[in-house]
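Below you'll find the structure I mean.
Derivation of every value follows stated rules applied to the coordinates shown; laboratory data play no part. On a predicted model such as this, the values are computed, not experimentally measured, just so you know. We place every Cβ from the backbone using ideal geometry, glycine too, and count neighbours over all the protein chains shown.
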Amino acid sequence: MAGAEQSLKERVRAFWQEHPCGTKFADAEPGSRRFYEAVEEHRYRTEWHIPEAAGFERAGGLRVLEIGCGLGTDGARFARAGALYTGVDLTEAAVSLARKRFELEGLPGRFRVADAEGLEFPTGSFDLVYSHGVLHHTPDPAAAVREVYRVLAPGGRAVVMLYHRDSYNYRVNIRMLRRVGARLLRTEPGLRLAHRLTGEPVESLREHAARLKEDSAQYLSAGEFLSRNTDGAGNPLTRVYSRREARELFRDFPQVDFAVHFLNKRWLPLLGPRLSRRSEARLAARWGWHLWIYATK
C-alpha cells in the first residue's frame, strides 16, 4: 500500500476509533443495556426502511458477514433471525462494543478487527455479505468490493449501502445549502443563526468553524467538503456514487440491482415534519441519500 494511502487509512481508522458509528445517538453509558436500546430505537425510527431492505428475517441459516459491524445493531437482527453471523470492523472500539452487545443478549456471533480491503477469510466462506454505509469510507473501495466477491460462495449475495450522488442531500444540501451556510460560521452570531436554522449542535458547528478558519481553501475543496459534511467535521474520507458508478464498482457480479432509501426529514426544515411515511418513501426512492446495491455472484 502506498504511503499516502496508508496514511489516509490510518486517519480513517483513528476517526472511527474515536467516534464509533451511532454512539452520538445515545446519552447512556457506552456498553450498557440502555445504551444499546437507545441506539437501536433511534436507528430504526429514523431509518425505518432498514429491516426490510436488509432482509434480516430472510437470513436464517445463512453464513452472514457484516463489513463494518459498528455497535452490532444490525448484526443483532441477523443473529436473532438465526443467521450464522460474523462481524468485522476496522476499529477495536466498534468490535469491542459489538461483542459486548451480543454478550448482553446472549446472541451467537464472531467478531474480529479487519480491513475490508484485505479480508482474512477463505474464498467462498459466506452466503451473504452485508455492509451498511462503510465502503464509501475506505481508500480503495474497488479492492474492498473484490474482497466481497471473493469471500462469497457461488450464488451468494452482497447487500451494500453507499451514499447516493444523485440525492437531495448531496446535490442540494451539501453542494449548495451547506456551502452557503459555511459563510455563517465565520462569526459567532452567524454560528448561532446556523444552529437555529439547522438544529445542528453548536459543538459540531464550532468544530466546522475551526477547520474552516484553519484552512478555508482546503475545507471548501470538493472532496474535503463532502467528507467533512457527512459523518462529522473530523471525518477524513467519504465518497458518493451514482447508479452507473456503483454498477462499475460491482462489475464482477453478473447481477446487480438497486434501491434508494432515506430522505432525512431534518434536511427539509419546513416540509420534512409534515411528510407522511408514504410520501417520504416516494421521495426517497428518487432523491434518497442511501443507494442500496444487491449483487449476486
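When the Kirkwood radius is taken over all Cα pairs of segment 31-82, what Stokes-Einstein diffusion coefficient follows at 37 °C and 0.692 mPa s, in µm²/s?
282 µm²/s
Once label points are set 7 Å from the Cα along Cα→Cβ at both residue 7 and residue 92, what is their separation, rounded to one decimal in nm?
2.5 nm
Can you give me the long-range amide H partners of residue 121? Hydrogens built in the peptide plane at 1.01 Å from N, cutoff under 5 Å, separation of 5 or more residues or another chain.
Those qualifying (amide H under 5 Å, at least 5 residues apart or on another chain) number zero.
Then there's this: So what are the radius of gyration and Dmax for the Cα set of segment 102-146, in Å?
12.8, 36
Sort the following peptides by mean Cβ neighbour count (other Cβ atoms within 10 Å, averaged over residues), highest first: 81-90, 146-155.
81-90, 146-155
Hey, any idea what the orientation-averaged projected area of the convex hull of segment 168-228's Cα atoms comes to, in nm²?
3.8 nm²
If one takes the longest principal axis of the Cα atoms in the chain, at what angle in degrees, from 0 to 90 and to the nearest 10, does the Cα axis of helix 33-46 lie?
Result, in degrees: 70.
For the pair residue 266 and residue 252, how long in nm is the line joining their label points, each one 7 Å along Cα→Cβ?
3.6 nm
Short version: ³J(HN,Hα) in whole Hz for each residue of segment 255-264, in order, from phi by Karplus 6.51 cos²θ - 1.76 cosθ + 1.60 (θ = phi - 60°), x for Gly and Pro, what are they?
Couplings: 10, 9, 10, 10, 8, 10, 9, 6, 10, 4 Hz.
Compute the angle between helix 141-151 and the longest alpha-carbon principal axis of the chain, please, reported from 0 to 90 degrees and rounded to the nearest 10.
Taking the Cα atoms of the chain, the angle to 141-151 is about 20 degrees.
Reported to two decimal places, what Rg/Rh ratio describes the chain when computed on Cα atoms with Rh from the Kirkwood expression?
0.95
Quick one: compute the contact order of the chain, relative version, from alpha carbon pairs under 8 angstrom and 6+ residues apart, as a percent.
For the chain, the relative contact order is 16 percent.
Relative contact order for segment 55-141: what percent, with Cα pairs under 8 Å and sequence separation of 6 or more?
In percent, rounded to a whole number, it is 33.
Quick one: check the C-alpha center-to-center distance for segment 48-100 versus segment 201-220, whole angstrom.
Computed from Cα coordinates, the inter-centre distance equals 34 Å.
Please arrange 230, 296 by counting, for each residue, the other beta carbons lying within 10 Å of its beta carbon, fewest first.
Neighbour counts put them in this order, fewest first: 296, 230.
Moving on to the next point. For segment 129-168, count all C-alpha to C-alpha pairs, find those more than 12 Å apart, and express that count as a whole percent of the total.
Across segment 129-168, Cα pairs with separations above 12 Å total 61 percent.
Given the rule -39500 (n - 2.57) for each run of at least 4 DSSP H residues, summed and divided by the residues of the chain, what is its mean residue ellipticity at 222 nm, to the nearest 500 deg cm²/dmol?
-12500 deg cm²/dmol
Now for a separate question. Using the 2.2 N^0.38 Å rule of thumb for compact globular proteins, work out how segment 154-297 stacks up: its C-alpha Rg over that value, please.
Taking the Cα Rg and dividing by 2.2 N^0.38 Å, one obtains 1.19.
For residue 180 paired with residue 44, estimate the spin-label separation in nm (one decimal), with each label point 7 Å from Cα along the Cα-to-Cβ line.
Modelled inter-label distance: 3.8 nm.
Could you work out the local net charge near residue 109, counting Lys and Arg as +1, Asp and Glu as -1, over the other residues with Cβ closer than 13 Å to its Cβ?
After counting each charged neighbour, the total is +3.
Between helix 202-214 and the chain, what is the angle of the helix's C-alpha long axis to the longest principal axis, kept within 0 to 90° and rounded to the nearest 10?
80 degrees
Also, I was wondering about something else. Taking Cα pairs under 8 Å and at least six residues apart, what relative contact order does segment 168-228 come out at, in percent?
So the answer I get is 25 percent.
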